[in-house]
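Please read the structure below before turning to the comments.
The values are calculated or read from the model by the stated rules, or taken from the named source; none is laboratory data. Note that the structure is predicted; figures quoted are calculated from it, not measured. A quick note on method: Cβ atoms are made from the backbone with ideal geometry, for glycine too, and the neighbour counts reach across all protein chains shown.
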Amino acid sequence: GRQFDAAPATIDVLPAIRAATRLPVIFDSGIEGGLDILRALASGADFVMLGRAWHFALAALGPEGPDHLHHILTRDMIANMGQLGARTLKDLPAPFALG
């Protein structure tokens with residue numbers, strides 16, 4: 001974990017969190033690209049946050065940055081879904097272990 005190094009990674013406990021509640025689960029931890037988004041969704045997240053990436057995109061490219069980031073993440077997710085054999089988000093193997 002970010003605050004306590006001996007804690008399990010958030011992605012590793014996400015399936016247990018999903019199983020413990022019927023409330024929407026918002027995942028916001030260590031998302032760096034489309035594959036991380038897919039892993040979080042496949043592990044039970046209803047929503048995935050990546051605030052820092054949007055800030056970096058805006059700082060690097062100005063007003064066009066967020067659109068560019070959206071394009072990159074979308075293409076990354078589509079490419080990874082194809083490699084996983086998933087045509088839709090519901091087709092993602094749950095959960096899949098990569099990395």
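Annotations
- Any hit, the range 33-42, residues being surrounded by 11 or more Cβ atoms within 10 Å (Cβ to Cβ), at pLDDT below 90 and under 14 Å from the mean Cα position of the chain (by Cα): no
- Residue in the range 64-75 that is aliphatic (A, V, I, L, M), more than 13 Å from the chain's Cα centre (by Cα), modelled with pLDDT of 95 or more and not in a loop (DSSP other than H, G, I, E, B) present: yes
- The range 39-55: number of residues that are in contact (Cβ under 8 Å) with a residue 12 or more places away in the chain and either part of a helix (DSSP H, G or I) or farther than 16 Å from residue 28 by Cβ (or both): 7
- Test result for residue 86, in contact with a Pro (Cβ under 9 Å, 6 or more places away or on another chain), part of a loop (DSSP other than H, G, I, E, B), of a type in the set (A, V, I, L, M, F, W, C) and surrounded by fewer than 14 Cβ atoms within 10 Å (Cβ to Cβ): no
- In a residue-by-residue description of the range 16-33, the property of being in contact with a helix residue (DSSP H, G or I) (Cβ under 6 Å, 6 or more places away or on another chain) and part of a helix (DSSP H, G or I) applies to no position.
- Pairs with Cβ under 8 Å, 6+ apart, first in the range 5-21 and in contact (Cβ under 8 Å) with a residue 40 or more places away in the chain and under 13 Å from residue 43 (Cα atoms), second surrounded by 10 or more Cβ atoms within 10 Å (Cβ to Cβ) and polar (S, T, N, Q): 14/43; 15/43
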